[in-house]
Amino acid sequence: MASRNTEEYLDNAFPWQVFYDLYRPHYGVGMNGLTPMEKLRELGVDVPDEFVLFPPVELDRIATAIVLQAGYDVPAK
């Protein structure tokens, strides 16, 4: 479903963030099907689930401002 505005996008993004970090198995190097939270716990990091739930951020306005100030030759960090 396409978002119609930033607020709707952020409302849709947070549930995805929860699923991605707390429930979706990951298969990158060393993940072995664990979620990011499970991997942290396996490594001995004892934090609440909320630790991985960073609020989604909409960067369009920030990125546009950077491009307008620096041109199109903006190095990625």
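Within the range 52-62, restricting attention to residues that are in a helix (DSSP H, G or I) and modelled with pLDDT under 75, the residue that is farthest from residue 39 (Cα to Cα) is 61.
Residues that are under 21 Å from residue 59 (Cβ atoms) and part of a loop (DSSP other than H, G, I, E, B) within the range 1-23 comprise 1, 2, 3, 4, 5, listed in sequence order.
Each residue in the range 24-51 was checked for being in a loop (DSSP other than H, G, I, E, B) and aromatic (Phe, Trp, Tyr), and 1 of them qualify. Taking the criterion of being β-branched (Val, Ile, Thr), at pLDDT below 80 and within 19 Å of the chain's Cα centre (by Cα), would at least one residue in the range 30-43 satisfy it? No; the residues of the range 30-43 include none that is β-branched (Val, Ile, Thr), at pLDDT below 80 and within 19 Å of the chain's Cα centre (by Cα).
Name the residues in the range 63-77 that are assigned to a helix (DSSP H, G or I) and either loosely packed, with under 10 Cβ neighbours inside 10 Å or at pLDDT 90 or above (or both), would you? Working first, answer last.
Initially, the range 63-77 is screened for residues assigned to a helix (DSSP H, G or I), giving 63-70.
If the condition is that a residue be assigned to a helix (DSSP H, G or I) and either loosely packed, with under 10 Cβ neighbours inside 10 Å or at pLDDT 90 or above (or both), then 68, 69 are the ones that fit.
The values are calculated or read from the model by the stated rules, or taken from the named source; none is laboratory data. Note that this is a predicted model, so its numbers are computed, not measured. With ideal geometry, Cβ positions are generated from the backbone for all residues, glycine too; neighbour counts draw on all protein chains shown.
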